[in-house]
Each structure stands twice: as C-alpha cells, then as structure tokens.
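See structure below.
The values are calculated or read from the model by the stated rules, or taken from the named source; none is laboratory data. Please read all numbers here as calculations on a predicted model, not as lab measurements. Cβ coordinates were reconstructed from backbone atoms using ideal geometry, including for glycine residues, and neighbour counts include every protein chain displayed. The accessibility values were calculated without ligands, DNA or RNA, using every heavy atom of the protein model including side chains. Shrake-Rupley method; radii C 1.70, N 1.55, O 1.52, S 1.80 Å.
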Amino acid sequence: MTRAVGILGIGSYVPEKILTNNDLEKMVDTSDAWITERTGIRQRHIAAKDEATSDLAFKAAVAALDDARVKAEELDLVICATASPDHAFPSVACLVQERLGAVKAAAFDLGAGCSGFVYSLAVASQMIQNGLYDKILIIGAETLSRIMNWQDRNTCVLFGDGAGAAVVGAVDEGLGVLGIDLGSDGSGAYHLYQPAGGSRRPASAATVAANQHTIHMNGREVFKFAIKILGRTSLRALEKAGMKPEELDLLFSHQANLRIITVAAKRLRIPMEKVWVDVDKYANTSAASIPIALREAQDAGVLKKGDKLLLCGFGAGLTWAAIVLRWAK
Ligand code: ACO
C-alpha cells in the first residue's frame with residue numbers, strides 16, 4: 001500500500017521574551033553590527049523561567065492540530081525532534097502526548113540536531129505511506145537558551161528558543177512529499193556538541209564549573225560543512241522528486257545564518273525572492289526553525305495548494321536532510 005503523504009496542518013510557538021542584539025551588547029563583547037553582518041540575526045526569543053521544551057512543543061502542537069482540524073485522539077504517533085529535551089528521559093514526545101490527550105499515539109524523540117524536523121517528516125511520511133499509521137504529529141522544539149554559555153560570544157548570539165509542529169497524513173495524489181535525502185557524517189560530531197551530562201562525561205561539580213553542559217561549537221567548521229552540504233542534499237532530493245531547482249516556488253532552508261542560506265540559494269540558482277528568511281527575528285531555533293518558517297509563510301498568505309517547496313537543513317551530528325514536497329492544503 002502506498003499513498004501520497006503531506007502536511008495537513010502547521011503550527012508554531014515562540015516565547016514572549018525578546019532578546020535583541022543591543023541587549024547582548026550589554027552581556028558580552030559583541031555588537032549589533034557584527035551579529036547582523038555575519039549572521040543576519042537581529043533578535044531571538046527566550047523561554048521564560050517556567051517554560052521548558054515540552055511547554056513550547058505543546059503550544060505548537062495545539063496550533064498544528066487546530067490548523068489541520070485533527071483531534072489529538074486521532075494521532076497514531078508523536079515524534080519530537082529536539083536537542084534540548086526537558087529531561088534525558090522520558091521523551092518530550094511522551095510529555096506532549098499525555099498533555100494533548102493523544103491516547104492512542106506512540107511517542108518518541110528524534111535526535112538529528114537542526115535537521116530533526118526534516119528527518120521527522122521523512123520518518124512520518126514513510127510510516128503513513130506504507131499503511132502503518134494514518135496521522136502523525138511531528139514537532140521540532142528547543143530551549144537552547146538553557147544550554148547556552150552566556151559568556152561565550154561565539155555561540156550565545158546565534159540561537160533562540162521556539163517550537164513548530166505539523167500534522168502529517170494522506171493527501172491527494174501528486175501532492176505531498178516527492179523526494180527525500182537524509183545523511184550524516186559523524187566525523188564532525190565534535191564540531192557541535194554538549195560535552196557533559198551524558199554517559200561519556202557524567203554531570204559533576206567539575207563539569208559544571210568547566211561550562212561543559214553548554215553548547216560547544218567550532219563555528220568555522222560548521223559553516224564550511226553547511227555551505228558544502230545544503231546544495232548537495234537539496235539537489236539529491238530534487239532528483240528523487242524528478243524536479244529541477246528552477247521549478248521550485250519556495251525554499252525553506254534551516255535558519256542558522258543568512259550567509260549560509262544565501263550561498264545555498266546561489267548554488268541552486270534560486271533567486272532570493274523565492275527564499276524564506278526569518279533568521280532576523282528568531283535566530284537559530286534548531287529543529288524548530290523550518291516549521292516556524294512554514295507557519296509564518298502560511299500566515300503571510302504565500303503558500304498555495306500545489307506549490308513546490310524544498311525544505312533543507314543541516315545540524316549537529318553532523319547531519320543533513322532535504323525534502324521536496326507539493327503543499328497540500
Ligand atoms: N561578536 C563579535 N565578534 C565575534 C563574535 C561576536 N558575537 N563571535 C565571534 N567573534 C569574533 C571571533 O572571535 C573572531 O575573532 P578573531 O579573528 O580575533 O579570532 C572573529 O569574530 C571572526 O570569527 P569567525 O569565526 O571567522 O567569524 P565568521 O565570519 O566565521 O562567523 C559564525 C562566525 C557566525 C559562528 C559562523 O562561522 C557560522 O555561522 N557558523 C555556523 C554556525 C551554525 O550554523 N551553527 C548551528 C548549526 S545547527 C545545529 O545543529 C544547532
């Protein structure tokens with residue numbers, strides 16, 4: 001049994017508090033000009049003290065279910081892509097499953113860094129295509145502010161908190177997911193990681209004192225990797241979809257850095273008018289960035305049924321992922 005599978009509804013949530021580049025100037029040795037020129041970021045949203053990843057995920061999930069007109073009880077599975085879960089276990093997906101009342105849903109978290117939402121869409125689409133499930137909620141949710149070293153200007157200016165979610169299900173023939181490319185290269189694992197708190201380096205007073213529970217990143221290496229991989233993975237997904245880059249209506253790249261997005265668009269010869277950019281408002285929200293962008297594009301009225309979209313991401317792992325789909329709503 002195979003069937004066309006696509007996004008039935010999309011939702012997002014970002015916390016109320018905004019931290020601007022000017023605010024960061026007061027915290028570390030940086031400037032609005034440096035951040036804007038090097039990254040395109042102007043501000044980011046930061047979770048309140050009592051907001052954890054599952055709280056953001058839940059709000060995005062409710063919005064996605066509303067948008068899809070699907071009830072939580074209809075869900076067969078909840079997948080949450082995150083690198084900043086409430087706890088090492090249980091999964092964020094289980095916490096959201098309970099809060100939604102998704103009584104018949106299985107639930108698990110997926111760890112693919114910033115590629116997580118596209119990975120989740122790939123997994124969900126295959127499970128529905130082969131008939132195992134009918135409706136799956138996928139979420140990308142992060143509170144990276146909680147694992148940030150607020151004294152490290154190399155990382156603290158880059159990230160923001162937020163969540164996005166999509167309900168995935170069967171759609172009309174010819175619409176939905178048309179081509180998927182996923183990949184990884186663990187040789188770059190330690191270019192972007194959280195050193196302590198896991199089984200390699202369990203939490204101790206020493207790991208806390210050494211700031212090892214925060215994001216450590218070799219920005220230049222991640223930048224080089226992103227530049228190299230985004231075009232490549234996108235072309236592979238396009239080839240599987242039997243589509244040329246010029247046929248695309250909109251490109252939704254992971255929103256990490258405007259320079260990376262611009263290079264990816266150039267490699268694909270896609271004009272910037274067809275590229276969704278909101279990194280200025282939210283910074284890098286990791287697994288949440290693509291669904292937040294999709295919801296924003298939908299709210300702006302630029303997504304039409306049948307539009308040909310490319311979603312592409314890269315992230316910790318290192319991982320990459322691209323999906324070509326025709327918008328089905
Ligand atoms: N303000 C002022 N100066 C800074 C700042 C800052 N916030 N951050 C770094 N600098 C300094 C550096 O210390 C360096 O100074 P030095 O030359 O005296 O050593 C100088 O600016 C230039 O640093 P570069 O690293 O060369 O700057 P670059 O132009 O490469 O930009 C950046 C750095 C923005 C981090 C870039 O490399 C990048 O975007 N990398 C990719 C990061 C990314 O996307 N990560 C997320 C991956 S997705 C996931 O899974 C979470």
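Protection proxy ranking of 297-306, 271-280, 50-59, 134-143, by the mean of other Cβ atoms within 10 Å over each peptide's residues and highest first, is 134-143, 50-59, 271-280, 297-306.
Long hydrophobic helices in the chain, taken as whole DSSP H segments with a C-alpha length of 24 Å or more on their own axis and mean Kyte-Doolittle hydropathy at least -0.5: 219-241.
The residues of the range 177-326 present an accessible area of 44 Å² per residue when probed at 1.4 Å with all protein chains retained. From Cα pairs below 8 angstrom and at least 6 apart in sequence, can you work out the relative contact order of the chain, rounded to a whole percent? Relative contact order comes out at 26 percent.
Of the residues GLY198, GLY188, GLY174, the one that moves most in a GNM of the chain with alpha-carbon contacts below 10 Å is GLY198. Potential lengthening of the chain between ILE18 and ALA106 amounts to 28.2 nm, from the contour at 0.36 nm per residue minus the alpha-carbon distance.
Length gained on full extension, SER204 to ILE227, computed as 0.36 nm times the residue gap minus the Cα-Cα distance: 4.6 nm.
Taking label points 7 Å from Cα along the Cα-to-Cβ direction, GLU239 and THR2 give a separation of 1.8 nm. Against the criterion of solvent-accessible heavy-atom surface with a 1.4 angstrom probe, HIS87, HIS213, HIS254 sort, most first, into HIS87, HIS213, HIS254.
Given the options VAL92, VAL177, VAL208, state which has the largest fluctuation in a GNM of the chain using a 10 Å cut-off (strictly under) for Cα springs. Comparing VAL92, VAL177, VAL208 in the GNM, the peak value goes to VAL208.
In this view, the solvent-accessible surface of THR262, computed with a 1.4 Å probe and all protein chains in place, comes to about 50 Å². With coordinates expressed along the principal axes, the C-alpha atoms belonging to the chain extend over 55, 45, 36 Å, beginning with the largest. Here the extension length gained between SER31 and PHE89 equals 17.1 nm, from 0.36 nm per residue of separation less the Cα-Cα distance. Dividing the summed helix terms, -39500 (n - 2.57) for each DSSP H run of n ≥ 4, by the number of residues in the chain produces a 222 nm estimate of -9500 deg cm²/dmol to the nearest 500. For the range 281-326, the Cα gyration tensor yields ellipsoid semi-axes of 21, 15, 5 Å (square root of five times each eigenvalue, largest first, whole Å). Of the listed residues LEU258, LEU175, the order by accessible area with a 1.4 Å probe, largest first, is LEU258, LEU175. Overall shape: prolate for the range 5-174, with the ratio a/c of the largest to smallest alpha carbon gyration tensor axis at 1.5 or above and a/b above b/c.
Computed with a 1.4 Å probe over protein heavy atoms only, the accessible surface of the range 22-71 comes to 53 Å² per residue.
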